[in-house]
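Presented below is the structure to which this report refers.
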Amino acid sequence: MGGEISGLDLRSLTPESAELEEIRAAIYRNKLIVIRNQELTPAEYVDFTRKLGTPQVYFQDNYHHPDFPEIFVSSNVNEEGKKVGVAGTGHYWHTDCQFQQQPLSLTSISPVVIPQSVRATYYIDMAKVYRALPDELKILVDGSTMIHGGNNRYKVQPSDVDKSLQQLIDYMNEIVPPVKHPAVITHPVTKEKALYMSSGFTMGIEGLTYEENQKAMRALFDFTEREEHVHMHSWDKGDIIIWDNRFLLHKSSQLPPGEKSKSYRIGIYDAYPFYIGIKNENHEN
Ligand SMILES: [Fe+2]
C-alpha cells in the first residue's frame, strides 16, 4: 500500500493532462498516494479535487470551512476565539460515509497545523483482509449483506442544547437511516474484492439474530484489526494524501492533551460506481 509523488505542482494540472491520469492510476494501483511539497490555498485545493472528480459537500455543515463548503475541517485550533470545524474526528476504524447509500469513493487530506508528537493516520487494506480470511469467517461474509449506520458517531453541536438523546437519535435516523451494502464488494476499476465493513459503522449481517451478529461481528472485527493488518502512514506539511475508500479502513491518531492539530479533508466522488452492481449516481453538489 502507498505510493509517493513528488516534483509536481498540482496548480499547473489541466483536466486533460497526462499527470492527472497518472495520479488516478496511482490511486487505484497503490490504494493510497501522497503528493509531496504542495502549498495550495483552500481555493486551489478545492480546484485540484475538482479535476479528479466531484468534491463532496458534507451533509453536516458544522464541519464546513467558512468559505469553502467542500472542505471538511478537522481542528482543535480556535481562530480569533471562534471554533472552526470539528475536533477529535475519526478516532475509530471506519471508511468515510459507509453509512450512506452512495459512500465516498476517494478521500484527500491536507494537514494545516501539524502536531508536535503524532503525525500519522492508520490504515487497513480490506482487500488483503478478505484474501486472508479463515474459512469460518469467509463463509459468514460471502454472499451476505451488511447493515451500516452512523448514529453513534454524531457530534453534538451548540444548537443541540436542550435536546434529549432520543431526539438526536430520531433526527439522525431521519437524515441518515441505516443502509445495506454487500459484505464483499468488487472494485469497479481493479476488479479486486474487498471486505466492506468497519467497527465504526457496521451494525450487523442481514438475517442473523442479535446473538449471532454479536458473535460474528466480534470475530470479524478482531481478525480485521489485528496488528499485522495495520499500516501507519506518517504525514508532513505540504503533503496531499489521497486514498481509495473502497479498499481502506482508516483511523486518526489520538493527540496528547494540549497539542494542536488542524487538517482539511475533501471527499471526492470519482467517475466510477462505488462497487460493481451499485447504481452510479451523478453527484452534483
Ligand atoms: Fe474518516
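Checking each residue in the stretch 36-56 for being buried (at least 17 other Cβ atoms within 10 Å of the Cβ) and under 18 Å from the mean Cα position of the chain (by Cα) picks out TYR45, VAL46, THR49, LEU52, GLY53, THR54, PRO55, GLN56. One residue alone among ASN173, ASN213, ASN152 is outside any strand (DSSP E or B) and within 28 Å of VAL118 (Cα to Cα), and that residue is ASN152.
Scanning the stretch 135-170 for residues that are over 30 Å from ALA25 (Cβ atoms) and in contact with a Lys or Arg (Cβ under 8 Å, 6 or more places away or on another chain) yields THR145, ILE147.
Being surrounded by fewer than 19 Cβ atoms within 10 Å (Cβ to Cβ) and in contact with a strand residue (DSSP E or B) (Cβ under 7 Å, 6 or more places away or on another chain) is the filter here, so list the residues in the stretch 183-202 that pass it. Please lay out each step first, then the result.
Restricting attention to the stretch 183-202, the residues satisfying the condition of being surrounded by fewer than 19 Cβ atoms within 10 Å (Cβ to Cβ) are 186, 189-193, 199.
THR186, LYS193 - these are the residues of the stretch 183-202 that are surrounded by fewer than 19 Cβ atoms within 10 Å (Cβ to Cβ) and in contact with a strand residue (DSSP E or B) (Cβ under 7 Å, 6 or more places away or on another chain).
The number of residues in the stretch 8-22 that are over 23 Å from the mean Cα position of the chain (by Cα) and more than 30 Å from VAL230 (Cβ to Cβ) comes to 10.
Would you pick out the residues in the stretch 112-169 that are charged (D, E, K, R) and over 30 Å from ALA216 (Cα atoms)? I'd like the intermediate steps shown before the answer.
We begin by selecting, within the stretch 112-169, every residue charged (D, E, K, R); these are 119, 125, 128, 131, 135-136, 138, 142, 153, 155, 160, 162-163.
Of everything in the stretch 112-169, those that are charged (D, E, K, R) and over 30 Å from ALA216 (Cα atoms) turn out to be ARG119, ASP160, ASP162, LYS163.
Checking SER17, SER12, SER105, SER75 one by one, the residue that is touching an Asp or Glu at 6+ places or on another chain (Cβ under 6 Å) and at negative phi is SER105 and no other. Which of the residues spanning the stretch 70-112 are of a type in the set (Val, Ile, Thr), at pLDDT 90 or above and either away from the ligand (no atom under 12 Å from the Cβ) or not in a strand (DSSP E or B) (or both)? Hits for the stretch 70-112 are ILE71, VAL73, THR95, VAL112.
Return yes or no: is PHE48 among the aromatic types (Phe, Trp, Tyr), touching a residue at least 24 places away in the same chain (Cβ under 8 Å), more than 16 Å from the ligand (Cβ to nearest atom) and out of contact with any strand residue (DSSP E or B) (no Cβ under 7 Å at 6 or more places or on another chain)? The answer is yes for PHE48.
Can you confirm whether the stretch 122-144 contains a residue that is within 16 Å of the ligand (Cβ to nearest atom), more than 12 Å from the chain's Cα centre (by Cα) and assigned to a loop (DSSP other than H, G, I, E, B)? No, there is no match, as no residue in the stretch 122-144 is within 16 Å of the ligand (Cβ to nearest atom), more than 12 Å from the chain's Cα centre (by Cα) and assigned to a loop (DSSP other than H, G, I, E, B).
Residue-by-condition table, conditions (1) within 15 Å of the ligand (Cβ to nearest atom); (2) closer than 17 Å to TYR92 by Cα; (3) touching a strand residue (DSSP E or B) at 6+ places or on another chain (Cβ under 6 Å):
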position	(1), (2), (3)
ILE240	no, no, yes
HIS250	yes, yes, yes
SER253	yes, yes, yes
GLY258	no, no, no
ILE268	yes, no, yes
PHE274	no, no, no
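Within the stretch 218-265, the set of residues being crowded, with 22+ Cβ neighbours inside 10 Å, outside any strand (DSSP E or B), of a type in the set (A, V, I, L, M, F, W, C) and in contact with a Leu (Cβ under 7 Å, 6 or more places away or on another chain) comprises LEU220 only. Just a yes or no: is a residue in the stretch 150-169 farther than 26 Å from LYS51 by Cβ, more than 22 Å from the chain's Cα centre (by Cα) and touching a residue at least 24 places away in the same chain (Cβ under 8 Å)? Checking the stretch 150-169: not a single residue is farther than 26 Å from LYS51 by Cβ, more than 22 Å from the chain's Cα centre (by Cα) and touching a residue at least 24 places away in the same chain (Cβ under 8 Å).
The values are calculated or read from the model by the stated rules, or taken from the named source; none is laboratory data. Here the structure is a predicted model, which means the values were calculated and not measured. Every residue, glycine among them, receives a Cβ derived from its backbone with ideal geometry; neighbour counts consider all protein chains shown.
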